[in-house]
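I have placed the structure first, in the form of structure tokens, so that the comments after it can refer back to it.
The values are calculated or read from the model by the stated rules, or taken from the named source; none is laboratory data. What you are looking at is a predicted structure, and each value in this text was computed from that prediction instead of being measured. Positions of Cβ are generated from backbone atoms using ideal geometry, with glycine treated the same way; all protein chains shown enter the neighbour counts.
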Amino acid sequence: MDPVSAMAAASAAFGAIKKGMQVGRDIESMASDLSRWMGALSDLDMLEKESKNPPLFKKLFAGKSVEQEAIETFAAKEKAEQQRRELQLWIGLTLGKSKWDSLVKMEGQIRKQRQETLYRQRQRRRKFVEIVAWILVTCVGSGVLLGFVMFLKSAANAASIPEYVDCRLKGCELIDGQRVCIYHGPNNTVDSVWLGLNEFFPREIKCKYDPKNEKPATMRETFDAIKKSRK
């Protein structure tokens with residue numbers, strides 16, 4: 001339901017009423033057209049109330065802007081009021097004020113009936129959609145926030161991982177006329193240094209951080225592997 005459709009329905013019913021008046025039909029025979037016209041006017045009143053307090057999801061996701069719909073509703077209400085004044089004038093002049101008062105009473109009953117049926121159902125659907133929209137917005141917002149937090153955590157972890165660590169001497173052995181020294185660092189980091197026989201071998205060096213899940217091989221296994229690779 002939108003103001004353009006409601007106004008179209010009101011204009012169609014009003015056109016039928018005017019045509020009936022021109023050919024001398026009585027009010028009772030035009031009850032169906034009058035009911036449709038009054039129902040459309042009631043819908044416009046309801047749309048006007050909604051336009052003054054649009055739900056958040058409508059502001060965010062509606063294809064038509066809230067301001068545009070409010071303008072359309074206002075224009076339709078003005079046209080509907082013009083129809084009402086024209087009908088009231090004709091009935092007052094031809095049938096008397098009491099007949100108009102009867103129609104106003106009939107209109108009140110129609111509005112009450114639509115409020116208890118159509119509008120109540122519409123309000124329930126609107127509230128349901130609003131709740132779903134809030135849930136979606138919350139889920140999306142939570143997902144974005146979680147992703148951002150994970151990104152920050154990942155960046156912090158990456159920044160906290162050192163490129164080089166302190167490695168301590170575990171042992172040295174002469175291999176092919178050179179001194180080979182093995183150094184161990186944090187998280188099973190292992191490095192080897194080849195030195196000349198007369199070169200100084202430090203007790204601690206900076207190793208490139210290379211963490212491993214398994215413990216490094218023993219000194220004997222390491223040196224045997226180095227010798228084997230030299231053959």
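Structural remarks
- Of the residues Phe148, Phe200, the single one that is part of a helix (DSSP H, G or I) and either free of Cβ contacts under 8 Å to residues at least 12 places away in the same chain or charged (D, E, K, R) (or both) is Phe148.
- Residue tally, condition of a type outside the set (A, V, I, L, M), more than 44 Å from the chain's Cα centre (by Cα) and either within 23 Å of Glu78 (Cβ to Cβ) or surrounded by 13 or more Cβ atoms within 10 Å (Cβ to Cβ) (or both), over region 20-34: 2
- Which numbered condition Lys215 misses (of (1) outside any loop (DSSP other than H, G, I, E, B); (2) without any contact (Cβ under 8 Å) to a residue 40 or more places away in the chain; (3) on the phi < 0 side of the Ramachandran plot): (1)
- Region 137-170, subset under 24 Å from Pro202 (Cβ atoms) and at pLDDT 90 or above, residue surrounded by the most Cβ atoms within 10 Å (Cβ to Cβ): Cys167
- Close pairs (8 angstrom Cβ cut-off, 6 or more residues apart or separate chains): within 17 Å of Ser11 (Cα to Cα) in region 40-54, assigned to a helix (DSSP H, G or I) and hydroxyl-bearing (Ser, Thr, Tyr) anywhere: Leu44/Thr73; Leu47/Thr73
- The residues of region 159-183 that are in a loop (DSSP other than H, G, I, E, B) and either touching a residue at least 24 places away in the same chain (Cβ under 8 Å) or of a type in the set (Phe, Trp, Tyr) (or both), listed by number, are Ile161, Pro162, Glu163, Asp176.
- Counting residues in region 116-134 that are of a type outside the set (Asp, Glu) and under 30 Å from Leu89 (Cβ atoms) gives one or more.
- Test: residue in region 82-103 that is of a type outside the set (A, V, I, L, M, F, W, C), under 30 Å from the mean Cα position of the chain (by Cα) and at pLDDT below 85: no
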